[in-house]
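All remarks here apply to the structure that follows.
Any read-out appearing in this document is the output of simple, stated calculations on the displayed coordinates, not a laboratory observation. This structure is a prediction, so every number in the text was calculated from the model and none was measured. Note that we place each Cβ from the backbone using ideal geometry, even for glycine, and neighbour counts take in every protein chain shown.
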Amino acid sequence: MTMTEMDDDDAALAGEYAIGLLEGAEAAGARVRLREDPRFAAAVADWRERLVQLDADTAEVAPPARVYAAIERRLFGGAGPVGAGSGQGAAGRAAGGLWRWLAGLGTAAALAVAVFVVVLPSSGTPPTLLANLASEDGALALRVGVLEDFSAMHVILDAGDAPEGRVLQLWAIAEGQAPVSLGVVESRDYFLPDYPRDLVEQGITLAVSEEPPGGSPTGQPTGAVLAAGTLEDV
Amino acid sequence: MTDSSDIEALISRCALRDRAAFAALYDATSAKLFGVCLRILRDRGRSEDALQEAYVKIWANAERYRPGGARPMTWLITIARNAAIDAVRRRREDSAAEGAAESLVDQAATPEGAALDRDEARRVVACMGELPEDRRAAVRGAYLGGQSYADLAEAAGVPINTMRSWLRRALITLRECMAR
C-alpha cells in the first residue's frame with residue numbers, strides 16, 4: 001500500500017496536490033517531486049483513484065453538439081464531421097477520400113497507376129479501400145489503398161519523410177490486437193502484393209511509425225507513431 | 001454503457017490518431033465529463049469551453065495514458081477537472097496555464113499497475129462520512145467544487161491557515177480510515 005508507506009505530511013501534500021489546492025512555489029515543488037519521486041507520484045495517483053469515487057454522484061449532462069464540432073475544428077481543421085453522432089460522417093469521409101485519391105495523384109503516382117493498368121488491367125482503378133494517414137501538423141501524409149481485386153496494397157507517400165537516419169514502417173492494427181507490420185515504406189509510391197489479406201480489411205487501423213534502418217527489430221513499433229488512419233470503403 | 005476496458009481501448013486508438021475512436025470516446029464519456037465541469041464552474045458556457053479544452057488535451061496526450069495504470073475514467077475525469085479548475089483560477093490570477101499541463105505530465109511518473117481495487121477506492125466514500133461535518137464540507141468543496149483554500153476559508157469564516165490545517169488533518173484522517 002503506497003499510502004501507508006509515507007509519512008502524514010507527504011501523504012497530505014500528495015492529497016492537496018491531487019485535489020489542486022497547491023499554488024505557486026508549492027505546486028511547482030510538488031511537480032518536481034512527482035517526476036523524481038515515484039512514491040510521491042504513486043501517492044498522488046492513489047488519491048486521484050480514491051477521490052474520483054466522489055464523482056460517482058455527479059450527474060451526466062449531454063453537452064450540446066456545438067462542443068464536439070468546435071473540438072473537431074480545433075484538432076482536425078475544417079474537415080467535415082467524423083462520427084460522434086453524425087451518421088453521415090463515414091460516407092462523407094469515404095467520398096472525400098476518393099476525391100483526394102484522384103486529385104492527389106502526382107505525375108509519378110499517375111504513371112505508376114498507368115503501368116499498373118497495363119500489367120493488371122482488372123485493377124487499374126482507384127483502390128476499393130483507402131486510408132489517409134496524416135500527422136497532426138500535416139507534415140507527413142500517406143495514402144494507403146487496397147486494390148479492387150485485392151491483388152496488392154498501394155502506398156503513396158504524399159508529404160514528409162522519415163526523420164534523419166530513420167525509416168518509416170507501416171502497421172495494420174486490428175481492434176484490441178498487437179500491430180502487424182506491413183513493412184518499411186520503400187519509396188514514395190509502391191505496390192505491396194504480399195500483405196496479410198486476412199487482416200487488412202475495412203475498418204482496420206493503419207499506422208506509420210519511425211524506426212531504425214531496416215525496420216523495427218522487435219516486430220512491434222519501437223519508435224513514435226507519426227500518423228494513423230482507418231481503412232474505409234472508397 | 002461502455003465499460004472500462006472499452007474506454008481504455010478507445011484511448012489507445014486515439015494514441016494512434018484514430019479519429020473514429022476519438023469520436024466514440026467522446027460519445028461514451030462527454031456527458032460525465034461535462035457534468036464534472038458544470039459542477040465546478042456552474043456555468044454552461046464556461047463548462048463547454050472547459051470540456052473542449054479537456055478533449056483537446058485527451059487527444060493530444062492519449063499516448064501518455066498507460067493501460068493498467070490509472071483507471072481510464074480517473075484519467076479522463078482528472079483532465080476535465082483540471083481544465084475546469086484552470087478556468088476558475090484563471091479568472092483571478094494568470095498563472096494557471098501551467099496547471100493543466102502538469103496534471104498530464106504526472107501520468108508518466110505513475111508506476112505501472114498502480115490502479116487500486118475498485119472496492120478499496122470506494123472506501124473513501126464511507127471514510128468521508130466519518131469526518132466532522134465542517135471538514136467533510138471542506139474536502140467536498142475542494143474536490144467536487146474545485147474551491148481554493150481562499151474560497152474555503154471565506155466560506156467557513158476562518159483564516160486561510162486554519163482552513164489549510166483543517167483540510168490537511170482531514171486528508172490524514174481519511175488516509176488512516178482508508179488504510180484500515
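Which residue, chosen from A:PRO212, A:TYR190, A:GLN202, occupies the Cα position most advanced towards the positive end of the dipole of the range A:162-234, where the dipole is computed from +1 (Lys, Arg) and -1 (Asp, Glu) charges on Cβ about the Cα centre? Of the options given, the answer is A:PRO212. As a calculated quantity, the FRET efficiency between A:ARG66 and A:ALA159 at R0 = 22 Å, using C-beta atoms, amounts to about 0.10.
Grouping the Cα pair distances of the range B:1-88 into 10 Å bins from zero gives a pair-distance distribution of 19, 53, 26, 2 percent in increasing distance order. Taking the inverse of the mean reciprocal distance over all distinct Cα pairs, the Kirkwood hydrodynamic radius of the range A:2-57 comes to 11.3 Å. Cβ-to-Cβ counts within 10 Å put B:VAL139, B:VAL88, B:VAL36 in ascending order as B:VAL88, B:VAL139, B:VAL36, the fewest first.
The three principal axes of the C-alpha atoms in the range A:139-206 carry coordinate ranges of 34, 27, 19 Å, sorted with the longest axis first. Looking at the calculated P(r) for the range B:118-179, what percent of the C-alpha pair distances fall above 15 Å? Of all Cα-Cα pairs in the range B:118-179, 47 percent lie more than 15 Å apart. Given a Förster radius of 45 Å and the C-beta distance between B:ARG118 and A:THR128 as r, what FRET efficiency does 1/(1 + (r/R0)^6) yield to the nearest 0.05? Efficiency for this residue pair is about 0.50. Compared with the alpha-carbon gap, the fully stretched path from B:ALA60 to B:ARG140 is longer by 25.8 nm at 0.36 nm per residue. Rounded to whole numbers, the Karplus 3J(HN,Hα) couplings from phi for the range A:203-209 are x, 6, 8, 10, 9, 10, 10 Hz, using 6.51 cos²θ - 1.76 cosθ + 1.60 with θ = phi - 60°, and x at Gly and Pro. Of the GluC sites (Glu not before Pro) found in the range A:186-229, the ones in coil according to DSSP and having at most 16 other Cβ atoms within 10 Å of their Cβ are A:GLU186, A:GLU201.
Under 5 Å between amide hydrogens, built in the peptide plane, is the criterion, and for A:ALA224 it picks out A:GLU210 among residues at least 5 positions away or on other chains.
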